[in-house]
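Trainee: Sharing a structure below in structure tokens format, with a few things to ask.
The values are calculated or read from the model by the stated rules, or taken from the named source; none is laboratory data. None of these values were measured; they are calculated from a predicted model. Every residue, glycine as well, gets a Cβ built from its backbone with ideal geometry; the counts of neighbours run over all protein chains shown. SASA here: full protein model, heavy atoms, side chains in, ligands and nucleic acids out. Shrake-Rupley method; radii C 1.70, N 1.55, O 1.52, S 1.80 Å.
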Amino acid sequence: ERARETHRGWRVHDEADRAQLGRELSLLGELDEAVATGGLHVHYQPKLDLGARRIRSAEALIRWRHPELGALSPDAFVPLAERHDRILPLTRFVLDTALRDSAEWRRRGHDMSVAVNVSPLLVVSPDFFEAVAQIVAGPHFVRGSLIFEVTESAVLEDLESAIQALHAFRSMGIAISMDDYGTGQSTLAYLQQLPLDELKIDRRFVQHADKDRNDAVLVQSTIDMAHKLGLKVVAEGVEDKGCFDFLKSAGCDAVQGYFTGKPMSSEMLIREMTSSTRRAA
Ligand code: C2E
Ligand code: MG
Ligand code: MG
Ligand code: MG
């Protein structure tokens, strides 16, 4: 009886919904294939440290060059992976790749850490914890050279468990960054409770901060507050010189954005690093 009801429940969906579901499932199949056959890769976007005046870390951003659809943005398949329980294998791939690539950066003399985005669904997942423990025990991990970027929604679901998980990651030598800061239901209480190292101000506040008075106030006070809490501040989405100069004078620790570097392959990043080291010498 129940099955029939469910069945009838499905039937109320119209053709458009059914077509949508069909597309979603076929994309999911292709995603599985991409994970299994090397169809995914990782690009890196530098975070430029304004004090040290050099790139001290880079964020790993997943890429999928789909055979027919072309380059797909993570926004087109990360939520899909989350909905269908594929986010763990996908993140494992990014972690493995990022650690291998960052080991290569160090081997070439570039002392840089790598940041990996961790889906809200994974922060408190025991399976993810297990995967991280394995990676930490592996050959490419160095304490202090891996950063997890987590969003506010990840920690608000279950604050107590999130605090516990983040503490555990930190004790393994992983730094924690709060991503897209300002877009969630940020409360000052949890900022104080969470074991964080870095705050990334979302690009929607950053982008026009040099021209928009309200954005400028929000960005400046976030930087000041974060510093008082002992956190480093990164501004994301810095697209032009005006914005860059504003953040510098506002005391921001690091910037990330098209102005200082687009996401690029690991080889490209190494080339950039090598030429900027040469310029500085
Ligand atoms: P995010 O972590 O906030 O990453 C920043 C996004 O902004 C990236 O988009 C980056 O390419 C883009 N961006 C960087 N600088 C600029 C700029 O100056 N202007 C503008 N307009 N955009 C800029 P991308 O690579 O498309 O990634 C989108 C989101 O997908 C990421 O947002 C992140 O939440 C998610 N994502 C990416 N890779 C992964 C992953 O491996 N795992 C998970 N769970 N999520 C990922
Ligand atoms: Mg991020
Ligand atoms: Mg972000
Ligand atoms: Mg963002």
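Trainee: Just one of (1) touching a Ser or Thr at 6+ places or on another chain (Cβ under 8 Å); (2) in a helix (DSSP H, G or I); (3) within 16 Å of ligand 4 (Cβ to nearest atom) trips up Asp215, so point out which.
Mentor: It fails just one condition, (1).
Trainee: Give the residues of the stretch 218-260 that are within 16 Å of ligand 4 (Cβ to nearest atom) and of a type in the set (A, V, I, L, M), sorted by residue number.
Mentor: Leu218, Val219, Val233, Val234, Ala235, Val238, Leu247, Ala254, Val255
Residues checked against (1) within 14 Å of ligand 3 (Cβ to nearest atom); (2) within 30 Å of Ala162 (Cα to Cα); (3) at pLDDT 95 or above:
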{"residue": "Asp180", "(1), (2), (3)": "yes, yes, no"}
{"residue": "Thr183", "(1), (2), (3)": "yes, yes, no"}
{"residue": "Tyr190", "(1), (2), (3)": "no, yes, no"}
{"residue": "Asp202", "(1), (2), (3)": "yes, yes, yes"}
{"residue": "Arg213", "(1), (2), (3)": "no, no, yes"}
{"residue": "Val219", "(1), (2), (3)": "no, yes, yes"}
{"residue": "Leu231", "(1), (2), (3)": "no, yes, yes"}
{"residue": "Gly237", "(1), (2), (3)": "yes, yes, yes"}
{"residue": "Phe259", "(1), (2), (3)": "no, no, yes"}
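Trainee: Continuing with this model, one more query. Within the stretch 113-161, considering only helices (runs of 4 or more DSSP H) that don't extend past its boundaries, which have at least 2 residues that are under 16 Å from Ala60 (Cβ atoms) and in contact with a helix residue (DSSP H, G or I) (Cβ under 8 Å, 6 or more places away or on another chain)?
Mentor: Once the helices (runs of 4 or more DSSP H) in the stretch 113-161 are filtered for at least 2 residues that are under 16 Å from Ala60 (Cβ atoms) and in contact with a helix residue (DSSP H, G or I) (Cβ under 8 Å, 6 or more places away or on another chain), what remains is 126-137.
Trainee: Step by step: first the residues of the stretch 218-257, then only those that are in a helix (DSSP H, G or I) and among the acidic types (Asp, Glu), then the one that is farthest from Ile147 (Cα to Cα). Which residue is that?
Mentor: Asp245
Trainee: Do we find that Asp85 is closer than 24 Å to Ala36 by Cβ, in a loop (DSSP other than H, G, I, E, B) and more than 16 Å from ligand 2 (Cβ to nearest atom) in this structure?
Mentor: yes
Trainee: Under 6 Å by Cβ, and 6 or more places apart or on different chains, what pairs join a residue from the stretch 66-82 that is under 25 Å from Pro120 (Cα atoms) with one that is open to solvent by 60 Å² or more (accessible area, probe 1.4 Å)?
Mentor: Ala71/Arg65; Glu82/Leu121
Trainee: Look through Ser145, Ser171 and report the one residue that is over 16 Å from Leu231 (Cβ atoms) and touching a Lys or Arg at 6+ places or on another chain (Cβ under 9 Å).
Mentor: Details: Ser171 fails: touching a Lys or Arg at 6+ places or on another chain (Cβ under 9 Å).
Answer to the check: Ser145.
Results for (1) open to solvent by 50 Å² or more (accessible area, probe 1.4 Å); (2) away from ligand 2 (no atom under 14 Å from the Cβ); (3) touching a residue at least 24 places away in the same chain (Cβ under 8 Å), shown as yes or no for each residue.
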site: Ser153; (1), (2), (3): yes, no, yes
site: Glu157; (1), (2), (3): yes, yes, yes
site: Ser177; (1), (2), (3): no, no, yes
site: Asp180; (1), (2), (3): no, no, yes
site: Asp202; (1), (2), (3): no, no, yes
site: Leu218; (1), (2), (3): yes, yes, yes
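Trainee: From Ala98, Ala52, Ala58, grab the single residue that is within 19 Å of Ser177 (Cβ to Cβ), assigned to a loop (DSSP other than H, G, I, E, B) and open to solvent by less than 60 Å² (accessible area, probe 1.4 Å).
Mentor: It is Ala52.
Trainee: Regarding the stretch 168-177, can at least one residue be identified that is out of contact with any His (no Cβ under 9 Å at 6 or more places or on another chain), assigned to a strand (DSSP E or B), more than 16 Å from ligand 3 (Cβ to nearest atom) and at pLDDT 95 or above?
Mentor: Looking for residues that are out of contact with any His (no Cβ under 9 Å at 6 or more places or on another chain), assigned to a strand (DSSP E or B), more than 16 Å from ligand 3 (Cβ to nearest atom) and at pLDDT 95 or above, one finds at least one in the stretch 168-177, hence yes.
Trainee: From Leu196, Leu191, which residue is open to solvent by less than 30 Å² (accessible area, probe 1.4 Å) and within 16 Å of ligand 1 (Cβ to nearest atom)?
Mentor: It is Leu196.
Trainee: Select from the stretch 263-281 the residues that are surrounded by 12 or more Cβ atoms within 10 Å (Cβ to Cβ) and either at pLDDT 95 or above or charged (D, E, K, R) (or both) and list them in ascending order.
Mentor: Selection gives Pro263, Met264, Ser265, Ser266, Met268, Leu269, Ile270, Arg271, Glu272.
Trainee: Looking at the stretch 245-262, which of its residues are over 27 Å from Leu40 (Cβ atoms) and open to solvent by 30 Å² or more (accessible area, probe 1.4 Å)?
Mentor: Asp245, Phe246, Lys248, Ser249, Gly251, Asp253, Phe259
Trainee: Taking interchain pairs and intrachain pairs at least six residues apart, which have beta carbon atoms under 6 angstrom, with the first residue in the stretch 247-260 and closer than 16 Å to Lys228 by Cα and the second assigned to a helix (DSSP H, G or I)?
Mentor: Partner pairs satisfying both residue conditions: Ala250/Gln220; Ala250/Ile223; Gly251/Ile223; Cys252/Ile223.
Trainee: Name the residue that is least open to solvent (accessible area, probe 1.4 Å), counting only residues in the stretch 61-71 that are more than 22 Å from Ala235 (Cα to Cα) and modelled with pLDDT of 95 or more.
Mentor: Trp64
Trainee: Here are some residues: Arg107, Arg83. Which one is open to solvent by 20 Å² or more (accessible area, probe 1.4 Å) and modelled with pLDDT of 95 or more?
Mentor: Within the list Arg107, Arg83, the selection yields Arg107.
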